[in-house]
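Notes to accompany the following structure.
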Amino acid sequence: MIALAADVGGSRIKLAVVRDGTILARRIEPAQSQLRWEQRLPGLAASWRSLCTEARLDVAAIDGIGIGFPSLVDSARGRILDEWGKFPGCANFDLGAWARAMFGKPLALENDARAALIGEWRQGAGRGCDNVAMITLGTGLGVGVVMQGRVLRGAHGQAGTLGGHLTVRYGGRTCVCGNIGCAEAEASTAVLRELALARADFASSALATEPHLDYEAVFRRADTGDACAIALRDHSLAVWSVAVVNLIHAYDPERVIIGGGIMQSSDEILPAIRAYAHSHAHTAWGKVEIARCELGDDAALLGCSWMVAEKLGAIPAA
């Protein structure tokens, strides 16, 4: 089974040609998320065709197209349900019709975090476990869930994916989703600068000299004893730990996978989350495994390949 796969992000789009769970050719491109969705799609199609050439495949040989998109989606109808300031016009665009018109093939569409979870579940850190939750720490906090061997989607496609919008702080920061105190609003790359600027010690911190303030800088400066960086690090670790306990209580996983770009500092993140979860999660049956993702940027691409196989009925629906 051969699939064209795309992991669409706000800053980057990862593209690949995948055959039977193996990536034959891949590419990373700027997202250009300021463009209207219908303006960006021709570029994706051209890149996929180029990748097919690189993989020495005829485009006609592909079986389907899989896309992971950073929004709530209706996977059954192949439509994105809402916009978050990226790719204007994407909401309710008929991607299934576009895929048929452009390639004559079916489309499998999922939320990007759910696609990454599927990849890790089938080929990465979730192998051999049919009750898995995954949280990706990055610009936002994405979540996906597998329960009893079935991908959790829910009545409206949002089950499991809003784990980053579970409340971790009553009376906390207002989130872009409209809720208050969401994990994503309290500790994510998107809000990191605001969190730093709100601290009285930021101006005197080495973080103020960083050309690009991200969590790599926070963890690096914290290791040197910078008080502002230590406070931001510890606050974020606490938020992520509480978020993981919320996932455990909500979905009863045997394993929680932590992924995302922030996991470059996994040597500090994983032990902190593990210790908190093992102390505070109510799991009378035992301890939930807390594992690092294994597939990195390939997770959602491999998940997209599995989604296409599911769409085609090559594997049981999950």
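The values are calculated or read from the model by the stated rules, or taken from the named source; none is laboratory data. Quick caveat: nothing in here was measured; it's all calculated off a predicted structure. Here the Cβ positions follow ideal geometry from the backbone for every residue, glycine too, while neighbour counts run over all protein chains shown.
Worth a mention:
- Under the condition of being in contact (Cβ under 8 Å) with a residue 60 or more places away in the chain and either surrounded by 20 or more Cβ atoms within 10 Å (Cβ to Cβ) or in a loop (DSSP other than H, G, I, E, B) (or both), the residues counted in the range 21-38 number 1.
- Test set (1) surrounded by 15 or more Cβ atoms within 10 Å (Cβ to Cβ); (2) part of a helix (DSSP H, G or I) - ILE257 fails condition number: (2)
- Some residue of the range 39-57 being surrounded by 17 or more Cβ atoms within 10 Å (Cβ to Cβ) and within 21 Å of GLU310 (Cβ to Cβ): yes
- Residues in the range 39-81 that are modelled with pLDDT under 95, assigned to a loop (DSSP other than H, G, I, E, B) and farther than 21 Å from LEU312 by Cβ: PRO70, SER71, LEU72, LEU81.
- Residue in the range 139-149 that is modelled with pLDDT under 95, over 19 Å from ILE248 (Cβ atoms) and either out of contact with any Leu (no Cβ under 6 Å at 6 or more places or on another chain) or not aliphatic (A, V, I, L, M) (or both) present: yes
- Considering only residues in the range 82-110 that are part of a strand (DSSP E or B) and modelled with pLDDT under 95, the one that is nearest to MET1 (Cα to Cα) turns out to be ASP94.
- Taking first residues from the range 125-138 that are acidic (Asp, Glu) and partners that are at pLDDT 95 or above and surrounded by 24 or more Cβ atoms within 10 Å (Cβ to Cβ), the Cβ contacts under 8 Å between residues at least 6 apart in sequence or on separate chains come to ASP130/VAL146.
- Subset of the range 167-189 that is of a type in the set (A, V, I, L, M) and surrounded by fewer than 16 Cβ atoms within 10 Å (Cβ to Cβ) - its residue that is farthest from ILE262 (Cα to Cα): ILE180
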